[in-house]
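> So that we are looking at the same thing, I have put the structure below in structure tokens.
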Amino acid sequence: MRLNPFAGAYLTDPAGVWARLLDDGGGVHHDEELGLWLITRHADVRRALADARSFGNALTLAPVYDVCPEALALVVQIDAPPTTAAADPPVHPRTRRALRVTFANTPERVEQRYGRIVRRRVDELVSRLAARAGDEVDLVTEFTAELPLLVLLDILGVPARDVPRIRAWADGQIALIWGRPDPAEQVRLAGGLLEFWRYCQDLVRRRLDGGGDDYVSELLAYRHGDDEVLTTAEVSSIVFNLLVAGHETTAGLLAHALERALSEPDRWRSFAEHPERVPAFLTETLRFAPAIDGWLRVTNRPVTLGGVTIPAGARCLLLIGAANRDPAAFRHPDRFDPDRPDAHDHLSFGHGPHFCIGAALARLEAGTALARLAAALPDLRPARGDLRVFRPNLAFRAHRSLPVTVAAAVPSGHRPAA
């Protein structure tokens, strides 16, 4: 079975490809051109995410193509130790413990620590959009990509003036690892990634003297000068990963949610009157259109799934998007239904030891953004046609743009409480 994530139907609506993969045999296929084993069924993807002994993370952040020598020479200078997505035991349990202790990861802690930051940033961006009445605006550049990054920079204590280059570096990392750039573009992206790593190292070095009240300072305080707890290089690596995963995934969730909501004007307007409907809508969005619809693992030993044996040392693409549409796990899986009782079984935040540490923050950001944007701009509407045009990528399903027409804002005194 062939999968082409870089062209054709997969860039507009991958669900048809997922359905064919699910229907064909045991849901496990080897793609010769990609050099990957494709795992599609919900039970198998869930098992692979949970079974760190059989499915390792060592190659999770390694490109799936042969990097040209010039780009490789730049990449090898990035000496970031594995800490999160690419880490296996015994490193991962230790670094994960540091994240659990220092980063708010439950709805209650997230609201307590980050709620005010999120609401302030949402209101700033909503006000900026409301001032553009009558204009055509791209919600990706003006809202969905902006909000999570601003929130994260506030948490990390990074100046807002650095937003453009951090966004460019993060987009570049995703394109370099999970895209298929030509050699010249590989060199450009690899150079940016090296700059990004050095930026994170400098950020940590500036906090070493202590006294700060941001998250980087908190991580350094947690290590208490003990390399057995965390090294300073590991702190830099955690920051490096947060600045990509911490905003790209939330930006994707928010863009997918806006696309779904704006395609049905009555639903969009209902969020202004009934913001309590937003959480269930977001959960179904996570299932139906995950921001990360594929993730990489490598087998540490032979594994048999659905009657198919995957050899040791094989790179596997866990197709989360397909697993979330598996009829064995979800009734009427291709129907978008915020009221479905099985929506919480989605795998869009992962499962097991690598479950997304920022899931609660992502939900708070996206939920606040949808409710407050709908309250302020209930007549916001797509500027033209189909909004589902995505960047070519193996893992991140990111909108190229979300063009909308901004209608007049509702006066703040007339808005429902969000």
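> Among the candidates A85, A7, A62, A50, which residue alone is small (G, A, S) and within 19 Å of R301 (Cβ to Cβ)? It would help to see each step written out before you state the result.
Details: A85 fails: within 19 Å of R301 (Cβ to Cβ); A7 fails: within 19 Å of R301 (Cβ to Cβ); A62 fails: within 19 Å of R301 (Cβ to Cβ).
None of the others qualify; the one that does is A50.
> What is the number of the single condition among (1) part of a strand (DSSP E or B); (2) more than 22 Å from the chain's Cα centre (by Cα) that D339 does not meet?
(1)
> Here are L99, L59: which of them is within 26 Å of H344 (Cα to Cα) and not aromatic (F, W, Y)? Full working, then the answer.
Values: L59 fails: within 26 Å of H344 (Cα to Cα).
One residue alone meets the criteria, L99.
> Also, quick follow-up: Answer yes or no: is there a residue in the stretch 115-126 that is at pLDDT below 95, outside any strand (DSSP E or B) and not aliphatic (A, V, I, L, M).
From the stretch 115-126, those at pLDDT below 95 are none; that's our starting set.
Scanning the stretch 115-126 turns up no residue that is at pLDDT below 95, outside any strand (DSSP E or B) and not aliphatic (A, V, I, L, M).
> Scan the stretch 207-249 residue by residue and report those that are surrounded by fewer than 18 Cβ atoms within 10 Å (Cβ to Cβ) and touching a Phe, Trp or Tyr at 6+ places or on another chain (Cβ under 8 Å).
V229 - this is the single residue of the stretch 207-249 that is surrounded by fewer than 18 Cβ atoms within 10 Å (Cβ to Cβ) and touching a Phe, Trp or Tyr at 6+ places or on another chain (Cβ under 8 Å).
> To continue, here is another question. Working carefully through the options D182, D202, D171, find the one that is open to solvent by 20 Å² or more (accessible area, probe 1.4 Å) and closer than 16 Å to A251 by Cβ.
Numbers: D182 fails: closer than 16 Å to A251 by Cβ; D202 fails: closer than 16 Å to A251 by Cβ.
D171 is the lone residue from the list that is open to solvent by 20 Å² or more (accessible area, probe 1.4 Å) and closer than 16 Å to A251 by Cβ.
> Follow-up question, since we're still on this one. Sort out which residues of the stretch 29-58 are in a strand (DSSP E or B) and open to solvent by less than 10 Å² (accessible area, probe 1.4 Å), and write them in order of number.
Step one: of the stretch 29-58, the residues in a strand (DSSP E or B) are 29-31, 36-39, 55-56.
Result: D31, L36, L38, I39, F55, G56.
> Would you point out which residue out of V163, V137, V151 is in contact with a helix residue (DSSP H, G or I) (Cβ under 7 Å, 6 or more places away or on another chain), free of Cβ contacts under 8 Å to residues at least 24 places away in the same chain and closer than 29 Å to P392 by Cα?
On the way: V137 fails: free of Cβ contacts under 8 Å to residues at least 24 places away in the same chain; V151 fails: free of Cβ contacts under 8 Å to residues at least 24 places away in the same chain.
Of the residues listed, the single one that is in contact with a helix residue (DSSP H, G or I) (Cβ under 7 Å, 6 or more places away or on another chain), free of Cβ contacts under 8 Å to residues at least 24 places away in the same chain and closer than 29 Å to P392 by Cα is V163.
> Test A130 against the criterion of being within 28 Å of D154 (Cα to Cα), in contact with a helix residue (DSSP H, G or I) (Cβ under 7 Å, 6 or more places away or on another chain), of a type in the set (G, A, S) and open to solvent by less than 80 Å² (accessible area, probe 1.4 Å), and give yes or no.
Values: within 28 Å of D154 (Cα to Cα): yes; in contact with a helix residue (DSSP H, G or I) (Cβ under 7 Å, 6 or more places away or on another chain): yes; of a type in the set (G, A, S): yes; open to solvent by less than 80 Å² (accessible area, probe 1.4 Å): yes.
For A130, the condition - within 28 Å of D154 (Cα to Cα), in contact with a helix residue (DSSP H, G or I) (Cβ under 7 Å, 6 or more places away or on another chain), of a type in the set (G, A, S) and open to solvent by less than 80 Å² (accessible area, probe 1.4 Å) - is met.
> When you go through (1) assigned to a helix (DSSP H, G or I); (2) in contact (Cβ under 8 Å) with a residue 60 or more places away in the chain one by one for R301, which number turns out not to apply?
Failing condition for R301: (1).
> Turning to a different aspect of this structure: Give the stretch 74-88 a look and list any residue that's more than 23 Å from the chain's Cα centre (by Cα) and without any contact (Cβ under 8 Å) to a residue 40 or more places away in the chain, or say none. Steps first, please.
Looking only at the stretch 74-88, we keep the residues that are more than 23 Å from the chain's Cα centre (by Cα), and these are 74, 76-77, 79.
Result: V76, single match.
> Of all residues being without any contact (Cβ under 8 Å) to a residue 12 or more places away in the chain and among the charged types (D, E, K, R) in the stretch 330-366, which is farthest from Y114 (Cα to Cα)? Just the residue, please.
Applying the filter and picking the extreme gives R331.
The values are calculated or read from the model by the stated rules, or taken from the named source; none is laboratory data. All figures in this text were calculated on a predicted structure; none of them were measured in a lab. Positions of Cβ are backbone-derived with ideal geometry, glycine not excepted, and every protein chain shown enters the neighbour counts. Protein only, heavy atoms only, side chains kept; ligands, DNA and RNA dropped before computing areas. Shrake-Rupley method; radii C 1.70, N 1.55, O 1.52, S 1.80 Å.
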